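**Student:** Below is one structure. I have some questions about it.
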């Protein structure tokens, strides 16, 4: 196991993470930013297992993502490969693994109630929890990105891939936005990061 990932997590979490990884044939790699995911887990053909986590995440999001991926490995190991990736076995495993980290020595006090609420029923991505995602964002390095829910109605914005959209109305949970070039409608998660255009 490579240990370069330790520099990306809160210092008091390091011994606990090393303990979690001490008995397993598990490789943890830090990757450059990927727009579609914070991390992933996979069983390799040689019988080993690999977790990757993006290097651009703040310490708290990195730790949550790392434990999320370790939970995939543990659920796979304990329940087999036929389980749903984010089904009840994974949720229970993630809750169990994350609980010891939910302490003020590791996470800031303002995050703890949001994390406790989130881990009652963890989702496939912490980004789908709008309150938690916004609270975690305050620990990111500053950038020119804005969440879709912060964009004014009828304002145009750009995605990381250059596509331009105009914000429309909120439906139940997501925002209906029109792609300017094609006129097609798309639904956006409230915490999708975008760049507002003047």
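The values are calculated or read from the model by the stated rules, or taken from the named source; none is laboratory data. Being a predicted model, the structure only gives us computed values, none of them experimental. All Cβ positions, glycine included, derive from the backbone under ideal geometry; neighbour counts span all protein chains shown.
Residue by residue, here is whether (1) in contact with a helix residue (DSSP H, G or I) (Cβ under 6 Å, 6 or more places away or on another chain); (2) assigned by TED's automatic domain parsing to the domain that holds residue 190; (3) over 26 Å from residue 15 (Cα atoms) holds:
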{"position": "80", "(1), (2), (3)": "no, no, yes"}
{"position": "85", "(1), (2), (3)": "no, no, yes"}
{"position": "93", "(1), (2), (3)": "yes, no, no"}
{"position": "102", "(1), (2), (3)": "yes, no, no"}
{"position": "118", "(1), (2), (3)": "yes, no, no"}
{"position": "152", "(1), (2), (3)": "no, yes, yes"}
{"position": "177", "(1), (2), (3)": "no, yes, yes"}
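**Student:** May I ask you to list the residues in region 155-170 that are farther than 14 Å from residue 186 by Cα and in contact with a strand residue (DSSP E or B) (Cβ under 6 Å, 6 or more places away or on another chain)? Working first, answer last.
**Tutor:** First, the residues of region 155-170 that are farther than 14 Å from residue 186 by Cα: 155, 160-162.
Matches in region 155-170: 155 only.
**Student:** For region 162-173, indicate whether the set of residues that are free of Cβ contacts under 8 Å to residues at least 60 places away in the same chain and at positive phi is non-empty.
**Tutor:** Yes, the conditions are met somewhere in region 162-173.
**Student:** For region 104-114, what are the residues that are touching a helix residue (DSSP H, G or I) at 6+ places or on another chain (Cβ under 6 Å) and assigned to a helix (DSSP H, G or I)?
**Tutor:** Of everything in region 104-114, just one residue is touching a helix residue (DSSP H, G or I) at 6+ places or on another chain (Cβ under 6 Å) and assigned to a helix (DSSP H, G or I), namely 114.
**Student:** Just need a number here: residues in region 125-153 that are closer than 17 Å to residue 192 by Cβ and exposed (fewer than 12 other Cβ atoms within 10 Å of the Cβ).
**Tutor:** Going through region 125-153 one residue at a time, the tally reaches 4.
**Student:** Do you know which residues across region 128-138 are out of contact with any helix residue (DSSP H, G or I) (no Cβ under 6 Å at 6 or more places or on another chain) and either within 18 Å of residue 39 (Cβ to Cβ) or touching a residue at least 12 places away in the same chain (Cβ under 8 Å) (or both)?
**Tutor:** 128, 130, 134, 137
**Student:** Of the conditions (1) in contact (Cβ under 8 Å) with a residue 40 or more places away in the chain; (2) more than 23 Å from residue 57 (Cα to Cα); (3) out of contact with any strand residue (DSSP E or B) (no Cβ under 7 Å at 6 or more places or on another chain), residue 125 fails just one. Which one is it?
**Tutor:** Going through (1) in contact (Cβ under 8 Å) with a residue 40 or more places away in the chain; (2) more than 23 Å from residue 57 (Cα to Cα); (3) out of contact with any strand residue (DSSP E or B) (no Cβ under 7 Å at 6 or more places or on another chain) one by one, residue 125 breaks only (2).
**Student:** Name the single residue, out of those in region 154-167 being within 17 Å of residue 33 (Cβ to Cβ) and loosely packed, with under 14 Cβ neighbours inside 10 Å, that is farthest from the chain's Cα centre (by Cα).
**Tutor:** Filtering region 154-167 for residues that are within 17 Å of residue 33 (Cβ to Cβ) and loosely packed, with under 14 Cβ neighbours inside 10 Å, the one farthest from the chain's Cα centre (by Cα) comes out as 162.
**Student:** Here's a follow-up. Do you know which residues across region 83-103 are surrounded by 14 or more Cβ atoms within 10 Å (Cβ to Cβ), assigned to a loop (DSSP other than H, G, I, E, B) and under 16 Å from the mean Cα position of the chain (by Cα)?
**Tutor:** Within region 83-103, 86 is the sole residue that qualifies.
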